[in-house]
Amino acid sequence: MKKLEEISDELVKQGEDPAELAFWEAIFDHLTEEEQKKILANLEKELEELKKANQS
Amino acid sequence: MNFENRRKKELVSEDLSPKKEKESFVFERQREIMERAKFERAQYVKDILVSRTADLATNFIPVAGAAKMMIEAAIGKTSSKTKLTRRERIDYAIIAGGTAVAYALVFSGMPQEGGMAQGAVGVFGKIEFGPMVVKEAAEFAREKFPAVAPVLDAVWDFMGKKKEAAKRIGEEALRTLEHMDTRHAFL
């Protein structure tokens, strides 16, 4: 959960929708392990790509 | 300045100096990245909602089938056939999908005769529409369907933050659901 919060904070700084990220934070602990992995991987990838786009 | 505001500012500017042109390219790239990620997450929302309706099946099989159909229908397309952007799709998945689950839950607490005989039109005509249905469904689900309740709580919170979209999408979803023939799912 801490990891998700950190990623969410960074994504909001990159312009992502805080309401949607709050939705994921609210349900995260109620997701299965597999669902948690999927959403974390998706958000991590987005953050990584946004950072790269900013640096280009 | 966040991405949306910077993008709006960029769009009104006619003068694209090389620096601005580069910025514009970066903004476009950021938009593409966000849209792709959101599109994938909209599918996750759908999968999560559909899988949670399996929880209903342990107690009430007919509603589980109807709920799954309702989520698919509500998220699949808008009743006015409006094409959703990839960015809008995630809002639509959360609000329309959550509304569908809420209605299925409310239906499960209703006398069954009307629902079985009349299908979705008969059922939804008896439920007052509004975001409160999502909140009521979350309360109703808390004891009987513990896996569904926290998701509906989060949907309710999301709808509160996106009041305008929630009103529009919720009404769209309801119109879609009203036109569904769920009679066989309720039987």
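Projecting the Cα atoms of A:Gln14, A:Ala53, A:Leu4 onto the charge dipole of chain A (Cβ charges, centred on the Cα centre) puts A:Ala53 farthest toward the positive pole. Using a 1.4 angstrom probe on heavy atoms only, work out the carbon and sulfur share of the accessible area of segment A:1-53 in %. With neighbouring chains kept in place, the figure for segment A:1-53 is 49 percent.
Taking a point 7 Å out from the Cα of A:Lys45 in the direction of its Cβ, none of the residues of segment A:4-19 has a backbone N less than 11 Å from it.
In the complete set of protein chains, residue-level accessible area for A:Asp9 is approximately 90 Å², probe 1.4 angstrom. Each label point was placed 7 Å from the Cα along the Cα-to-Cβ direction; for B:Met132 and B:Glu32 their separation is 4.7 nm.
Between chain A and chain B, the total buried accessible area stands at approximately 2400 Å², from heavy atoms with a 1.4 Å probe.
The values are calculated or read from the model by the stated rules, or taken from the named source; none is laboratory data. Please read all numbers here as calculations on a predicted model, not as lab measurements. Cβ sites come from the backbone with ideal geometry, for glycine too, and all protein chains shown count toward neighbours. Heavy atoms of the whole protein, side chains included, go into the accessibility calculation; ligands, DNA and RNA do not. Shrake-Rupley method; radii C 1.70, N 1.55, O 1.52, S 1.80 Å.
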